[in-house]
Amino acid sequence: MTTGYDDNNIFAKILRGEIPCHKVYEDDDTLAFMDVMPQAPGHLLVIPKTGSRNLFDADPAVLAKTLPVVQKLANAAKEAFDADGVYIAQFNEPAAGQTVFHLHFHVVPRKEGIPLKPHSGTMEDGAVLAANAQKVRDAL
Ligand code: 5GP
């Protein structure tokens, strides 16, 4: 059952600066940072600063500000990782695979023929995430 927005979620804590992240982009409305359990090198997340549980309860005005940032980061990630394509994913509710209940868009650079690692799989080394974040920032 959908229970609404709870600002104790991990991304709300990242937005409040209570836990660290490898930031790649920030503006007044949006934050983008590396996923700690990447499904491919360069996997990052774009989140609106305004809290909503997922797409269902998001303000359309917030969505309108978020998607251009997803596009910007998709282009940067493609360039930074010399990707053949970029996978965008967004899950709504546990049945669809959602594990963190603050709206977010996955941006995952893909190489032809290289399968994705499992969703929420292995924690990546911090130095690797830092280096990958720098690559994306350099491509912005
Ligand atoms: P969801 O299944 O909700 O779409 O995906 C949540 C994503 O958040 C997963 O890909 C997971 O690896 C990532 N994640 C979970 N906890 C943290 C965290 O503390 N920091 C970061 N940067 N990513 C996280």
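Descriptive notes on the structure:
- Cβ-based net charge around K117, under 11 Å, with every Lys or Arg adding one and every Asp or Glu removing one: -2
- Karplus (6.51, -1.76, 1.60) ³J(HN,Hα), θ = phi - 60°, over segment 32-39, in Hz, Gly and Pro reported as x: 10, 8, 6, 6, 6, 10, x, 8
- Label point distance in nm, R16-D28, each placed 7 Å from Cα along Cα→Cβ: 2.4 nm
- Above-threshold pairs, the threshold being 18 Å between Cα atoms, out of K49/K78; K65/K135; K13/K72; K13/K78; K23/K72: K49/K78; K65/K135; K13/K72; K13/K78
- Counting Lys and Arg as +1 and Asp and Glu as -1 over every other residue whose Cβ lies under 11 Å from the Cβ of M37, the net charge comes to -1.
- Separation of alpha-carbon centers, segment 84-140 and segment 1-65, rounded to whole Å: 13 Å
- With the charge dipole of the chain set up from +1 on Lys and Arg Cβ and -1 on Asp and Glu Cβ about the Cα centre, the Cα lying farthest toward the positive end among the listed residues P38, V24, H106 is that of P38.
- Counting Lys and Arg as +1 and Asp and Glu as -1 over every other residue whose Cβ lies under 13 Å from the Cβ of H106, the net charge comes to +1.
- Derived scalar couplings between HN and Hα for segment 121-126 equal x, 9, 5, 7, 4, x Hz in order, rounded to whole Hz, by the Karplus curve 6.51 cos²θ - 1.76 cosθ + 1.60 (θ = phi - 60°), x for Gly and Pro.
- Per-residue HN-Hα couplings for segment 66-82 [Karplus 6.51, -1.76, 1.60; θ = phi - 60°; Hz; x = Gly/Pro]: 7, 4, x, 6, 4, 4, 4, 6, 4, 5, 5, 5, 4, 5, 4, 10, 6
- Segment 1-65 - percent relative contact order, Cα under 8 Å, separation 6 or more: 27 percent
- Full extension of the segment from R137 to L116, taken as 0.36 nm per residue of separation minus the current Cα-Cα distance, would add 5.3 nm.
- Expressed as a whole percent, the accessible area of the chain that falls on carbon and sulfur atoms is 55 (1.4 Å probe).
- Within the chain, longest stretch free of exposed GluC sites (Glu not before Pro) [DSSP loop, at most 14 other beta carbons within 10 Å]: 19-111
- When the alpha carbon gyration tensor of segment 10-139 is reduced to an equivalent ellipsoid, the three semi-axes, largest first, read 21, 16, 15 Å.
- When the trypsin sites (Lys or Arg not before Pro) in segment 1-74 are filtered for DSSP coil states and for at most 13 other beta-carbon atoms within 10 Å of their beta-carbon, the remaining sites are R16.
- Dividing the mean sequence gap of close Cα pairs (under 8 Å, 6+ apart) by how many residues segment 10-139 holds gives a relative contact order of 33 percent.
- Here the dipole of segment 10-139 is about 60 debye; that uses its Cα centre as origin and unit charges on the Cβ of Lys and Arg (positive) and Asp and Glu (negative).
The values are calculated or read from the model by the stated rules, or taken from the named source; none is laboratory data. Fair warning: this is a prediction, and the values are worked out from it, not measured in the lab. Note that we place each Cβ from the backbone using ideal geometry, even for glycine, and neighbour counts take in every protein chain shown. Side chains are part of the model used for accessible areas, which takes the heavy atoms of the whole protein and leaves out ligands, DNA and RNA. Shrake-Rupley method; radii C 1.70, N 1.55, O 1.52, S 1.80 Å.
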